[in-house]
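The values are calculated or read from the model by the stated rules, or taken from the named source; none is laboratory data. Everything numeric in this text was worked out from a predicted model, so none of it was measured. Because the Cβ atoms are built from the backbone with ideal geometry, glycine has one as well, and the counts that use them run over all protein chains shown. When the accessible area is computed, the model is the full protein with side chains, heavy atoms only, and any ligands, DNA or RNA have been set aside. Shrake-Rupley method; radii C 1.70, N 1.55, O 1.52, S 1.80 Å.
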Amino acid sequence: MDSAALDILRTTFGHPGFRGEQARIIDCVTRGGDALVLMPTGGGKSLCYQLPALLRQGCGIVVSPLIALMQDQVDALRQLGVRAAFLNSTLDAATAREVEDALLDGQLDLLYVAPERLLTPRCMALLDRAKIALFAIDEAHCVSQWGHDFRREYRELTVLHERWPQVPRIALTATADAPTRAEIAERLALEDAQQFVSSFDRPNIRYRVVLKDGSGQRGLLELIASHPDDSGIVYAFSRKRVESIAVQLAQAGIKALPYHAGMSADVRAANQRRFLQEDGVVMVATIAFGMGIDKPDVRFVAHVDLPKSIEGYYQETGRAGRDGEPAEAWLSYGLGDVVNLRQLIALSDAGDERKQLELRKLDALLGFCESTQCRRQALLGWFGESHPGACGNCDNCLNPPERWDATQAARKALSCVYRSGQRFGAGHVIDILRGVESEKVQRFGHDQLSTWAIGADMDVKQWSSVFRQLVALGMLEADSERHNALRLTGAATPVLKGERTLWMRMDPPRASRSRARGRAAAPVSALSSEAGLRFAALREWRAEMAREQDVPAYVIFHDATLRTLADMAPSGLHELAAVPGIGSSKLERYGDAVLQLLQQAHTDVV
Ligand code: ADP
Ligand code: ZN
């Protein structure tokens, strides 16, 4: 590896070494080769084009659909002393012209451009006159029509290759599956590019799946309480849910803000800004929120409703812990979610093929939720990556769930659904099984059925668990147009006939579940009390700096950097320069202030 690259990594970015594939990718692009980079969120993709842009002659052109984030990306680079700018529709004409002049003048290292802007004749002509170091195509999965982020303009980006064949191109994405990868290569004419596929494991994220208690709020409050002053995202299924959860959290004294596509653009932008700039904001959002959110210190991502697919779940949870520090992915779900989502799919105006695909994706996710396997192993397996399991950082590894032979119970449940005519929801069928003489039982004469009271040995909760898992296993389906009446599917036959044994996950009793919860919440930092005070003081100082310059706090310093500072309490500039995350530009900008603050904190303690 070229020592110039390592030099810039250390002095400009303040990182001690490269991560994973970074060095090889940077080497490839710096030499003028094309690259297709697949790396999980937080893997460090930006460096893969930023460094070659600094090493090569001319300006690196970065194509990104995330206009709202360009300002932050550029702010972060400027803090490092990198000459960066952006061109998109938010700029007025005069500012845009200044940026263009700077480019032609050779004053820029990196220029971020929205794809629709790039494709204009004016911009093409501009690039013709400029010296270009490379093209980086970020969020490259946007070329795929099957993904949820499809952008028509991305399909036209082959023009870059046709017009400037000698300029290297690097396409980057965090979307993992092989078909999408092939589509990206084809659509962007990158078949000959070198492919760099990183492991998608996120070892610092702890995965947990819990059962919903009623509306799911209590568990959520406990989760947030175990993350005091941390930033987090809570994903909910609908706009209405987002609104109501945000209000409830706020009433509980939590700094919670809503975000969904139904809100005005101004309010949405303001809420996003606060989430990025302030410490400890909890964003309650639909999946409209998050694509390209670069905030590195999101400490938890909670799903209070079931996501639509494993891909979606992995992408959303991937927004936690980009800085590599411990983070948590927490999902709570219940039978109601399954019914809601199936209904949503059924009522959508998608074609049959698409509906089938979505149902299969939902089933895979349900299988994941109910599984007793290591979560990490299951998730990575879904993306075609093998993992030995026993990761030690997921609920199933930390508190292995018990399983029980549910064959008999399942047979009783299935035949009771059948005997009562496949017209009733789980509640009523459980009444029949338990021999509860409800008004409905009397009305339909269900106390005459052969399955009446054959399940009195189990309580409602146990039965609910059986029904939930039967639905998750696809042996029962709920008909949303008929009050969630349960119906048998073909998959139930082997169990009914006694040809198949069925093991089920034992739901933990409530009390022990909340104990497990408390234990599972690992403290993010184990600072001594003095260091803790220094950390708090540094955070406060950082917030002030961020406000003054109107940039997100993490653009000044990451949490990990503050923590190292608090821990080591360096007393001179030389020591300070050795702290990861402090390059020469930040040393110059903030070095004295930080030393002074640490000195002050020391005096206060003594
Ligand atoms: P991605 O775009 O892949 O999600 P980023 O480029 O935003 O990831 O990087 C994620 C985080 O990792 C950032 O906070 C970045 O500063 C940090 N990072 C990237 N490369 C390194 C490295 N070699 N050493 C230390 N930290 C790094
Ligand atoms: Zn595990």
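Points to keep in mind about this one:
- With respect to (1) assigned by TED's automatic domain parsing to the domain that holds A285; (2) free of Cβ contacts under 8 Å to residues at least 24 places away in the same chain; (3) in contact with a helix residue (DSSP H, G or I) (Cβ under 7 Å, 6 or more places away or on another chain), the lone exception for A225 is condition (3).
- Pairing each residue of region 167-196 that is over 21 Å from Y112 (Cα atoms) with any residue that is among the hydrophobic types (A, V, I, L, M, F, W, C) and exposed (fewer than 15 other Cβ atoms within 10 Å of the Cβ), provided the two are 6+ apart or on different chains, yields C-beta distances under 9 Å for P179/W146; T180/W146; E183/W146.
- When Q469 is tested against (1) loosely packed, with under 13 Cβ neighbours inside 10 Å; (2) in a helix (DSSP H, G or I); (3) touching a residue at least 12 places away in the same chain (Cβ under 8 Å), only condition (1) is not met.
- Failed item, numbered, when A410 is tested on (1) touching a Leu at 6+ places or on another chain (Cβ under 9 Å); (2) in contact (Cβ under 8 Å) with a residue 60 or more places away in the chain; (3) of a type in the set (G, A, S); (4) not assigned by TED's automatic domain parsing to the domain that holds Q462: (4)
- Taking first residues from region 576-593 that are more than 16 Å from V82 (Cα to Cα) and open to solvent by less than 40 Å² (accessible area, probe 1.4 Å) and partners that are of a type in the set (V, I, T) and not in a loop (DSSP other than H, G, I, E, B), the Cβ contacts under 7 Å between residues at least 6 apart in sequence or on separate chains come to L576/V594; V579/T561; V579/T564.
- Residue list for region 205-237, restricted to those being assigned to a loop (DSSP other than H, G, I, E, B) and either in contact with a Cys (Cβ under 9 Å, 6 or more places away or on another chain) or open to solvent by 30 Å² or more (accessible area, probe 1.4 Å) (or both): K212, G214, S215, S226, P228, D229, F237
- Among the numbered conditions (1) open to solvent by less than 40 Å² (accessible area, probe 1.4 Å); (2) within 16 Å of ligand 2 (Cβ to nearest atom), the only one that A350 does not meet is (2).
- Highlighted here are the strands (runs of 3 or more DSSP E) found entirely within region 1-94 that include at least 3 residues which are away from ligand 2 (no atom under 16 Å from the Cβ) and in contact (Cβ under 8 Å) with a residue 40 or more places away in the chain: 35-38, 59-63.
- Matching option when the condition is part of a loop (DSSP other than H, G, I, E, B) and at pLDDT 95 or above, among G384, G392: G392
- Taken over region 119-130, the criterion of being loosely packed, with under 14 Cβ neighbours inside 10 Å and within 14 Å of L108 (Cβ to Cβ) is satisfied by R129 alone.
- Qualifying residue in region 266-273 (condition: open to solvent by less than 60 Å² (accessible area, probe 1.4 Å) and either within 30 Å of S465 (Cβ to Cβ) or assigned by TED's automatic domain parsing to the domain that holds A553 (or both)): no
- Qualifying residue in region 248-260 (condition: open to solvent by 40 Å² or more (accessible area, probe 1.4 Å), modelled with pLDDT under 90 and over 18 Å from the mean Cα position of the chain (by Cα)): no
- Condition check for L38: open to solvent by 10 Å² or more (accessible area, probe 1.4 Å) and outside the structural domain of A320 (by TED's automatic domain parsing): no
- In the condition set (1) assigned to a helix (DSSP H, G or I); (2) touching a residue at least 40 places away in the same chain (Cβ under 8 Å); (3) touching a His at 6+ places or on another chain (Cβ under 7 Å), D201 is compliant with all but (1).
- For A114, the requirement of being of a type in the set (G, A, S), in contact (Cβ under 8 Å) with a residue 24 or more places away in the chain, within 15 Å of ligand 1 (Cβ to nearest atom) and open to solvent by less than 20 Å² (accessible area, probe 1.4 Å) is not met.
- Residue check, Q50 closer than 22 Å to Q315 by Cα and within 13 Å of ligand 1 (Cβ to nearest atom): no
- Filter result (more than 14 Å from ligand 2 (Cβ to nearest atom) and among the charged types (D, E, K, R)) within region 386-410: E402, R403, D405
- Test: residue in region 127-147 that is among the aromatic types (F, W, Y) and either assigned by TED's automatic domain parsing to the domain that holds L276 or at pLDDT below 95 (or both): yes
- Being at pLDDT below 90, over 28 Å from R206 (Cα atoms) and within 30 Å of the chain's Cα centre (by Cα) is a property that does not hold for R515.
- Restricted to region 7-35, and to residues there that are over 25 Å from the mean Cα position of the chain (by Cα) and open to solvent by 50 Å² or more (accessible area, probe 1.4 Å), the residue that is nearest to T180 (Cα to Cα) is R24.
- Residue list for region 554-571, filter: in contact with a helix residue (DSSP H, G or I) (Cβ under 7 Å, 6 or more places away or on another chain) and either within 16 Å of ligand 1 (Cβ to nearest atom) or open to solvent by less than 40 Å² (accessible area, probe 1.4 Å) (or both): V555, I556, F557, L562, R563, L565, A566, A569, P570
- E100 falls short on exactly one of the conditions (1) open to solvent by 30 Å² or more (accessible area, probe 1.4 Å); (2) away from ligand 1 (no atom under 16 Å from the Cβ); (3) among the acidic types (D, E), and that condition is (1).
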